[in-house]
Amino acid sequence: MYQTVHVFYFSPTGGVQRVARALADALTGAPEFFDLSDPDVSVSKADGRTLALFAVPVFAGRVPAPAREAMRRIAGAGAPAVAVAVYGNRAFDDALLELCDLLTEQNFVPVAAGAFIAEHSMLRTVAAGRPDARDIQEIKAFAAAVKEKISGGVCSPVSVPGSRPYCAGKPLPLRPQASDGCVRCGLCARRCPVGAIPPDAPDKTGAACILCMRCVAVCPHQARALPPEGQAAVQAKLGGLTQVRRENQTWL
């Protein structure tokens, strides 16, 4: 049985972190957390006594590029891992398969996987309030099943849906913009996981933007948002999902 749980997460707007924390807390009383958006998260202490949990959002059907790059700096040393893809009520496409493939490449053994719902980062009325109480109960049940599998000595790789080659993963051609309410405090620049916001011009957004929406989520003055035409495009694309409740899915 594992002695520690290491939780690696990429959570620009907080939804992935909430799912990861709920799952980690149900797996152990003292998980250790590692933020994949931190450029210094390069060394894993994983070994045969460690259970790793990797949780990422789904961006255009794929694992976000910064999370992929961070994972390739982490060695699994044969440790079992739980793969979690969190998506905003549309679809997770090939992201979970890609995540499991990445874990295998890094010498982890993906023994369990889940696709869970959280509020959509670009249209918060889609899956609003999720993960909710019902989701948390399902996450806890999944954790119990993971513990039962591992305690029984079963560490066989899990099979998950998806296709290879993975889908193209093309995000909408949008970038958040700063409004006149921007006071140039620079918090968005400091928190951007890809350095797309210049520290000396935090009211700008560069071409490196991956549309993760962290700058919008962290702005203390609500001075960042998608441009009006972008908001309209997102509403047209995703608005029909507002009344849809996708169910969480798990594989063991």
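The values are calculated or read from the model by the stated rules, or taken from the named source; none is laboratory data. Here the structure is a predicted model, which means the values were calculated and not measured. Virtual Cβ from ideal backbone geometry, glycine too; neighbours counted across all protein chains shown. To get the accessible areas, we keep the full protein, side chains included, count just its heavy atoms, and leave off ligands, DNA and RNA. Shrake-Rupley method; radii C 1.70, N 1.55, O 1.52, S 1.80 Å.
Brief remarks follow.
- Cysteines in the chain that, by Cβ-Cβ distance, have no pairing candidate under 4.7 Å: Cys100, Cys155, Cys167, Cys182, Cys185, Cys192, Cys209, Cys212, Cys219
- The angle between the Cα long axis of helix 133-151 and the longest principal axis of the Cα atoms of the chain comes to about 30 degrees, rounded to the nearest 10.
- Contact order relative to length of the chain, as percent, for alpha carbon pairs under 8 angstrom and 6 or more apart: 20 percent
- For the options Leu36, Leu238, Leu53, a Gaussian network treatment of the chain with springs between C-alpha atoms closer than 10 Å singles out Leu238 as fluctuating the most.
- Mean sequence separation of contacting Cα pairs (under 8 Å, at least six apart), scaled by the length of region 95-163, corresponds to a relative contact order of 43 percent.
- The sum of -39500 (n - 2.57) across all DSSP H runs of n ≥ 4, divided by the residue count of the chain, sets its helix-only mean residue ellipticity at 222 nm to -8500 deg cm²/dmol.
- Region 1-139, relative contact order in percent, only Cα pairs under 8 angstrom and at least six apart counted: 24 percent
- Its alpha carbons considered, region 65-122 gives a radius of gyration followed by a Dmax of 12.0, 37 Å.
- Antiparallel bridges, percent of DSSP beta bridges restricted to the chain (to nearest 5): 20 percent
- Between helix 228-238 and the chain there is an angle of about 40 degrees, using the helix long axis and the longest principal axis of the Cα atoms.
- Reach of Lys237 by Cα under 18 Å, taken over aspartates and glutamates that are not fewer than 8 positions away in the same chain: Asp93, Glu119, Glu229
- Looking at the chain, the accessible area is 45 square angstrom per residue; that uses a 1.4 Å probe and ignores ligands, DNA and RNA.
- Rounded tilt (10° steps) of 95-105 against the dominant C-alpha axis of the chain: 50 degrees
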